[in-house]
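Visitor: Mind looking over this structure? Questions follow.
The values are calculated or read from the model by the stated rules, or taken from the named source; none is laboratory data. Please read all numbers here as calculations on a predicted model, not as lab measurements. Note that each Cβ is placed from the backbone with ideal geometry, even for glycine, and that neighbours are counted across all protein chains shown.
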Amino acid sequence: MSARPHRRAVLGTTLALGASALARPAVAQGAAARIVVVGGGFAGATAARLLAQAGLAVTLVEADERYTVCPFSNLVIAASRPMEAQVFGYEACRRDGVEVVHATARAVDTAARRVTLATGAALPYDRLVLAPGIDIRFDAVPGYDEAAVTLMPHAWKAGPQTILLRDRLAAMEDGGLVVMTVPANPYRCPPGPYERASLIAHYLKSRKPRSKLIVLDAKDTFSKQRLFQAAWTDLYPAHLEYVPLAAGGQVSSVEPATGTVATDFERYRAAVANVIPPQRAGAIAAAAGVADRSGWCPVDPTTFESRLQPGTHVIGDAAIGGAVPKSAFAANAEAKVCAAAIVELLRGRQPAEPRLVNTCYSLVAPDYGISVAGVYRPAGGLLADVPGAGGISPLDAEPAVRAQEARYAEAWFRTVTSEVFGP
């Protein structure tokens, strides 16, 4: 990428997309249009609030009364952040006029345009927005099933799994081996495992200096690789060992009862095993018929309307975003584009071609940040990088620059959570 834009400029560009949607007056002919949004994370809550602010009748379906966010949860795992800082409610959604229903969506009848909840209630809609996030594929790693998560937590959905992995690290004796497994693409938050590896290594170095982390990766390349690996060499040479696919990083099976992680070449007996399996779109996506054979959801890149089910939009991690990563930043941006597109479609107008911005911040240590930014536009039926836009942290930056990036990451977190869930 070219020289990266200033971080505040990047955030401002993304927020401007939402401002344009907020500035739209209520839909004249379609003011009574009913919108159901399933999923109350960064994508769903953003879309629900913007659509309600545009004068539409919006119901947000979210199982949890309080939402636990993934960004910065790796700091919780590494005992550098309280879990309470990750939890948000839906009071701001309600203030905007969104009807919030805490229930699980079980089925979608796209012909009748109706969502059925686990309670048996049915919600009719004119347009449906699905933001179901991810589900773990428990058929992907031999030996790793739903029961295994209590012994080998994935912690890829923030909440109880985050606490479990944190507590298992805390209880481990100094000198114990930690093993993390990383799946092949695609999955939620491409840099996430490498940030987690960095922060676990930081924890071991400071709290359990005789312990070590081994990272087994099912691929050879990953986001911000040179930045991460340079930092690992500098900060954690004795505490982090990275094993890529070419060196035997592909996991062949796991044995939860013994803590064993096996590859074709080695068997690792872990005191703590963090298994991050392959993923797919949340279950309601398949129930609604918007997921294809990949397990993810193809969408129109201008409106995020499903290519499989007209009238249904898919945003956030569940969508096939082309070059756009499955990140919270991107989910928030996609929701803004989708909400503005729905307003236009209900008016009988063609939405304008969007531009999306994403910045992925990663912490290599609590005071050491790196980032990569991208700008995207529709091309060839997907979202593609805009040539010459975006950028990445310099490889040879001074410690003060890394500390500033960490502060930018914290500022982004405060800004986006306030925008999505309210102050």
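Visitor: VAL299 - would you say it is under 19 Å from the mean Cα position of the chain (by Cα) and at negative phi? Before the answer, list the steps.
Guide: On the way: under 19 Å from the mean Cα position of the chain (by Cα): yes; at negative phi: yes.
Here the answer is yes, as VAL299 does meet what is asked.
Visitor: Considering only the range 347-379, how many residues are part of a strand (DSSP E or B) and more than 22 Å from the chain's Cα centre (by Cα)? Steps first, answer last, please.
Guide: The initial filter retains those residues of the range 347-379 that are part of a strand (DSSP E or B), namely 356-365, 368-379.
Still in the running and more than 22 Å from the chain's Cα centre (by Cα): 379.
Residues in the range 347-379 being part of a strand (DSSP E or B) and more than 22 Å from the chain's Cα centre (by Cα): 1 in total.
Visitor: Another question, if that's okay. Could you run through the range 301-319 and say how many residues are in contact (Cβ under 8 Å) with a residue 12 or more places away in the chain, in a loop (DSSP other than H, G, I, E, B) and in contact with an Asp or Glu (Cβ under 8 Å, 6 or more places away or on another chain)?
Guide: Qualifying residue count for the region: 5.
Visitor: Of the residues ALA85, ALA112, ALA107, which is of a type in the set (A, V, I, L, M, F, W, C), assigned to a strand (DSSP E or B), outside the structural domain of PRO160 (by TED's automatic domain parsing) and surrounded by fewer than 15 Cβ atoms within 10 Å (Cβ to Cβ)? Steps first, please.
Guide: Details: ALA85 fails: assigned to a strand (DSSP E or B); ALA112 fails: assigned to a strand (DSSP E or B).
Result: ALA107 is the single residue among ALA85, ALA112, ALA107 that is of a type in the set (A, V, I, L, M, F, W, C), assigned to a strand (DSSP E or B), outside the structural domain of PRO160 (by TED's automatic domain parsing) and surrounded by fewer than 15 Cβ atoms within 10 Å (Cβ to Cβ).
Visitor: Please note which strands (runs of 3 or more DSSP E) are completely contained in the range 197-291 and include at least 2 residues that are over 23 Å from GLY133 (Cα atoms).
Guide: Numbers: elements: 212-217, 240-243, 251-255, 260-263, 267-269, 272-275, 279-281.
Per the criteria, 212-217, 240-243, 251-255, 260-263, 267-269, 272-275.
Visitor: Here's something else I'd like to know. When GLU62 is evaluated against the numbered criteria (1) touching a residue at least 60 places away in the same chain (Cβ under 8 Å); (2) crowded, with 20+ Cβ neighbours inside 10 Å, which criterion, by number, is the only one it fails?
Guide: (1)
Visitor: If PRO160 meets every condition in (1) touching a Phe, Trp or Tyr at 6+ places or on another chain (Cβ under 8 Å); (2) within 30 Å of ALA48 (Cβ to Cβ) apart from one, which number is that one?
Guide: Tallying (1) touching a Phe, Trp or Tyr at 6+ places or on another chain (Cβ under 8 Å); (2) within 30 Å of ALA48 (Cβ to Cβ), PRO160 fails exactly one: (1).
Visitor: Moving on to the next point. I need the full set of residues from the range 369-418 which are more than 28 Å from ALA341 (Cβ to Cβ) and aliphatic (A, V, I, L, M), in order please.
Guide: Answer for the range 369-418, where residues must be more than 28 Å from ALA341 (Cβ to Cβ) and aliphatic (A, V, I, L, M): ILE370, ILE392, LEU395, ALA397, ALA400, VAL401, ALA403, ALA406, ALA409, ALA411.
Visitor: While we're on this one: Looking only at residues in the range 115-137 that are under 23 Å from ASP317 (Cβ atoms) and in a loop (DSSP other than H, G, I, E, B), which one is nearest to the chain's Cα centre (by Cα)?
Guide: Once the filter is applied, the top-ranked residue is GLY133.
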